[in-house]
Amino acid sequence: MKKVVISCGPIPARLDSVKFITNRFKGGLAFKTANYLIERNYDVTIVTWKNTDIPANIQEGEHVHLEKVTDVFDYYNWYKENAADYDAFIMAAAVANLTPSNPYEGKFPSHNYSVGEKFNIQFEIAPRAIDIVKKVNPRCCLIGYKLFDTPDENELAEIARHTLADARANIVFANTPQTAKSRKIAVMADNAVLPCSFDEHLELIQRAIEAEYYRTEIVTLS
């Protein structure tokens, strides 16, 4: 039984102990993908933010596991520490790509400021978990997603190619916010671009997980 990790829902950046910077996505499609994998008898680990609601049809059990993270740094560290232990990774979470450089350890001291008073918070690009997976586990199956708001599918595919190359992924699925539920563009490792429906993208994921790769080694005959 192959062990598959899928990340679902928003993975936010932490501003302080109670405030987070996130997006409007709740992870419905990612959880639907997770359920598809569960129904096909994979050993599935779901990585999600600690405050994300888990759908009622997904229950922890012998072959279903939940890993809850606190923010984008915790998310990245989980993959860094555990990437060697799984066969396939589906990076379907909506991960914050901007994070405060120095989150407050406690709650932001708003009582020290007047209404309308301005202050600066330095941001940085958050670490990308998809980039660490193949460095730790070179022979795994790695599938990513790229959301970008553009009407030009050629531009969308080209942006996805950058993610594919940087992460050495097997497939990157690209879509716009308007088409996420109905249409995706699969950018493959050989640079092929395949338009697909949501259900077809699930089938491509399963095919990628089940693909077998071989390596030829030349040895001296004794």
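Some observations on this one:
- Under a model in which nothing but the beta-carbon of Lys, Arg (+1) and Asp, Glu (-1) is charged, region 111-222 shows a dipole of about 300 debye around its Cα centre.
- The protection proxy used here, the mean number of other Cβ atoms lying within 10 Å of each residue, ranks peptides 135-144, 25-34 as follows, highest first: 25-34, 135-144.
- Filter on LYS2/LYS184; LYS134/LYS184; LYS3/LYS181; LYS19/LYS68 - keep pairs with C-alpha separation over 19 Å: LYS2/LYS184; LYS134/LYS184; LYS3/LYS181
- Distance between the C-alpha centres of region 32-78 and region 171-204: 22 Å, rounded to the whole angstrom.
- Taking the protein heavy atoms of the chain in the context of the full set of protein chains, the accessible area attributed to carbon and sulfur is 49 percent at 1.4 Å.
- Per residue, the accessible area of the chain comes to 57 Å² when a 1.4 Å probe rolls over the protein heavy atoms.
- Between LYS2 and PHE73, residue separation times 0.36 nm minus the direct Cα-Cα distance comes to 22.9 nm.
- The chain: most fluctuating residue of THR45, THR99, THR150 per GNM, C-alpha cutoff 10 Å: THR150
- Nearest-20 debye value, the chain charge dipole, Cβ charges on Lys, Arg, Asp, Glu: 260
- Given R0 = 35 Å, the distance between the Cβ atoms of SER101 and SER182 translates into a calculated FRET efficiency of 0.40.
- Calculated [θ] (222 nm, deg cm²/dmol) that DSSP helices of n ≥ 4 give over the chain, each run adding -39,500 (n - 2.57): -8000 deg cm²/dmol
- Of all beta bridges that DSSP places with both ends in the chain, some 35 percent have antiparallel geometry.
- When peptides 12-24, 49-61, 105-117 are ranked by their average number of other Cβ atoms within 10 Å per residue, the highest-first order is 12-24, 49-61, 105-117.
- D (Stokes-Einstein, µm²/s), Kirkwood Cα radius, region 118-179, 1.567 mPa s at 4 °C: 98
The values are calculated or read from the model by the stated rules, or taken from the named source; none is laboratory data. Fair warning: this is a prediction, and the values are worked out from it, not measured in the lab. Backbone-built Cβ (ideal geometry, glycine too); neighbour counts: all protein chains shown. Heavy atoms of the whole protein, side chains included, go into the accessibility calculation; ligands, DNA and RNA do not. Shrake-Rupley method; radii C 1.70, N 1.55, O 1.52, S 1.80 Å.
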